[in-house]
Amino acid sequence: MLDAETTATPSYGGRAGEPVGPVRWATFAVIVVVAVVDAAYTLTAQMEPLTGDRGAQYYLGKLTAEGAVPLVDFQHGWNAGSWWVNSLIYRLAGGDPLWWEFLLGRFFAVTLAAVLVAAIGLRRRVHPAAMVAMALAVLTLASPAQVKYVLPVVFAFILLPGGRLDSGRWSLAVRFLVPAALFWQHVELAILLTGAAGLYELVGREKASARERLARSAALAAGILAGFVSEVLFYRIGYGMSLAELNRQVVFGQAQQFPKHFGWPFFDVPSDGEGYEIVAVYPFLLLLMFVPVIWRLASDPTRFLALCALLLATIPIRRPGPGHAETVSALVFAALVLVLCDVYDRRDQISLPIRPRSVSGWQVATAVVGFAVGAAWVGAALAFGFGAHSLVGPVILVLLVSIMMIGAKQRARLIAVSAGAGVVLGMVPLAAAVDHVHDMSRDSRQFEAADVWADAIRPEMTRCLQGGRTAFVLGNQLSLYDALEVENPTPFYLFHYDFDRNKEQLTAMMTGGEVPVVLQTTAMARGGWVETAIEKDYEPCAEIRIAEDHRLFRIWAHRSLEPFEKRAVTVRPDGSRTSSRLP
């Protein structure tokens, strides 16, 4: 059982002396090849026209490549440096729009993200299968939409705890330079990721002195400030731009213009919406890593990735939907795989609590309180963190997670708290899934085609039945029985492969008139026994052609019902009908 004194030993540190080995290197090489091939074969020549956001980015990248000096994008928090990157991609593509789209939207986005998360696994010396899982999750589930969403993975790869840049003289320098460089690329991502790194230093990292944590946090903050000051000086000295104007275009002016679409659709997913699986499980997967027991088992690198993913949740919370949830999920899936590796590495330190011979009332009370605390924590995080309709939501989410991280260090009933948190975390997406199926059932159109066909067939079927209610539907459109309100006079329904064994019984019933009407919904095998039996004892009473669906139905009436009129009916798309004598 995990006790209050148990702390996570970084898996990287435990495997630092272990060589990478040829198997891991070979796995990494395979991942690189698959990621590049995937990028090429998920791109088609019939791309959407370069209009809207994409077209503007292409054109502004072209202008920058031709020597224009950029400032910021018209939206999304891009900063000036991103346009020099865009211009480099434009040059690499030779100005070709498809190559530019491949490099910007596939190679330097999904491909690079998958390779980097696999490289994180390589650095952590995880099992090759874990490396594959991390890369496949990015390629198939996360799918960063474009190059800007690979920046968080680059940031995490460079600052990942346990590497050479995490200690010694490089530690503070890297934590200063990376946020400064990222600020020039994307303001929003720079602030969120630097905040995540600072939160990790102050709360997430355990095996470091307070002085070291404060120094690293100060370096991160100084890096953001340096990025802003350097940009102010660049545009002030070089182009005479005022601080107020730069601030309007780069920082606060951008934030004020962000589209506001808050309110996580836990139970409001469109019944015809596609790709909402990630929306349904995103809060569950994100908060699962911060459940106290799991958090205590997580290594420092895993905690760092989890906190980066936590701060990045601001983006999909601000604009809920599959697009933004997918594009920032790369670090979520990477952290989840690493959590599993950490738990497996420390499996010998975990055991289920032994059932005591007697349980005191105090123990029961504290367990119940702990369960309630965990449930309330998750409920508050979901309701006020994801459900808020302003940027206060992400702030509340980070605050609640920080409280839980601090609380996980205390002597408390972590199992009870974790159980309460886990129950609520699991129940919400399950309840949402049931609600989603219910909504789809309410809006279902599965029998719409049968109802349309029945409306077209019913007048002729009523006429041919001459007051009866029994008819045999020839084919597998069995829903027409209910739609036409007729009964099957035979014990046979489905025309399966060995239907020939029913030949004698069905033929006898048809010959004896027990099947007054046959509704043919599909073509019959020429010369087959079914066609022979029908042509022997039945006459075509009506043919109904539905023009919109290009469907033809034929109603056969038993000769014992003669005389009857033979009609050919055509139902036009507008519902009008034309009738003629059937030859």
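When you look at Leu151, is it under 30 Å from the mean Cα position of the chain (by Cα), in a helix (DSSP H, G or I), surrounded by fewer than 22 Cβ atoms within 10 Å (Cβ to Cβ) and not β-branched (Val, Ile, Thr), yes or no?
yes
Could you check Ile158 against (1) among the hydrophobic types (A, V, I, L, M, F, W, C); (2) over 25 Å from the mean Cα position of the chain (by Cα); (3) more than 30 Å from Pro22 (Cβ to Cβ) and say which number it fails?
(3) is the only condition that Ile158 fails.
Residue check, Arg501 against (1) modelled with pLDDT of 90 or more; (2) closer than 21 Å to Met524 by Cβ, all met but one. Which one?
Arg501 satisfies every listed condition except (1).
How many of the residues making up the stretch 178-213 are within 16 Å of Leu159 (Cα to Cα), open to solvent by 40 Å² or more (accessible area, probe 1.4 Å) and in contact with a helix residue (DSSP H, G or I) (Cβ under 8 Å, 6 or more places away or on another chain)?
Qualifying residue count for the region: 4.
Give the residue that is modelled with the highest pLDDT, with candidates limited to residues of the stretch 413-423 that are more than 17 Å from Phe284 (Cβ to Cβ) and open to solvent by 60 Å² or more (accessible area, probe 1.4 Å).
Among them, the one singled out is Ile415.
Can you tell me how many residues within the stretch 451-465 are among the charged types (D, E, K, R), surrounded by 15 or more Cβ atoms within 10 Å (Cβ to Cβ) and free of Cβ contacts under 8 Å to residues at least 60 places away in the same chain?
The total comes to 1.
Of the residues that sit in the stretch 362-405 and are open to solvent by 80 Å² or more (accessible area, probe 1.4 Å) and farther than 28 Å from Phe262 by Cα, which one is modelled with the highest pLDDT?
So, considering only residues that are open to solvent by 80 Å² or more (accessible area, probe 1.4 Å) and farther than 28 Å from Phe262 by Cα, the one modelled with the highest pLDDT is Phe371.
Is it true that some residue in the stretch 152-172 is in contact with a strand residue (DSSP E or B) (Cβ under 6 Å, 6 or more places away or on another chain) and of a type outside the set (A, V, I, L, M)?
Looking for residues that are in contact with a strand residue (DSSP E or B) (Cβ under 6 Å, 6 or more places away or on another chain) and of a type outside the set (A, V, I, L, M), one finds none in the stretch 152-172, hence no.
Would you be able to tell me the number of residues in the stretch 389-416 that are hydrophobic (A, V, I, L, M, F, W, C) and either closer than 28 Å to Val364 by Cβ or assigned to a loop (DSSP other than H, G, I, E, B) (or both)?
Here the count works out to 11.
Mind listing whichever residues of the stretch 73-91 are modelled with pLDDT under 55 and buried (at least 17 other Cβ atoms within 10 Å of the Cβ)?
Those that are modelled with pLDDT under 55 and buried (at least 17 other Cβ atoms within 10 Å of the Cβ): Asp73, His76, Gly77.
How do the pairs read when you match residues in the stretch 164-175 that are within 15 Å of Glu201 (Cα to Cα) and open to solvent by 70 Å² or more (accessible area, probe 1.4 Å) with residues anywhere that are part of a helix (DSSP H, G or I) and basic (Lys, Arg), using Cβ under 8 Å and keeping only pairs 6 or more apart or on different chains?
Pairs that qualify, where the first residue is within 15 Å of Glu201 (Cα to Cα) and open to solvent by 70 Å² or more (accessible area, probe 1.4 Å) and the partner is part of a helix (DSSP H, G or I) and basic (Lys, Arg), are Leu172/Arg216.
Would you be able to tell me the number of residues in the stretch 283-312 that are over 12 Å from Leu331 (Cβ atoms), assigned to a helix (DSSP H, G or I) and aromatic (Phe, Trp, Tyr)?
Number satisfying all stated conditions: 2.
Go through (1) outside any loop (DSSP other than H, G, I, E, B); (2) over 30 Å from Asp574 (Cβ atoms) one by one and return the number of the condition Ala483 breaks.
(2)
Here is a list: Ala450, Ala471, Ala483, Ala456. Which entry is touching a strand residue (DSSP E or B) at 6+ places or on another chain (Cβ under 8 Å) and within 21 Å of His550 (Cα to Cα)?
Ala456
The values are calculated or read from the model by the stated rules, or taken from the named source; none is laboratory data. The structure presented is a predicted model; accordingly, all values stated were derived computationally and were not measured. Every residue, glycine as well, gets a Cβ built from its backbone with ideal geometry; the counts of neighbours run over all protein chains shown. In case anyone asks, the SASA skips ligands and DNA or RNA and just uses the protein heavy atoms, side chains included. Shrake-Rupley method; radii C 1.70, N 1.55, O 1.52, S 1.80 Å.
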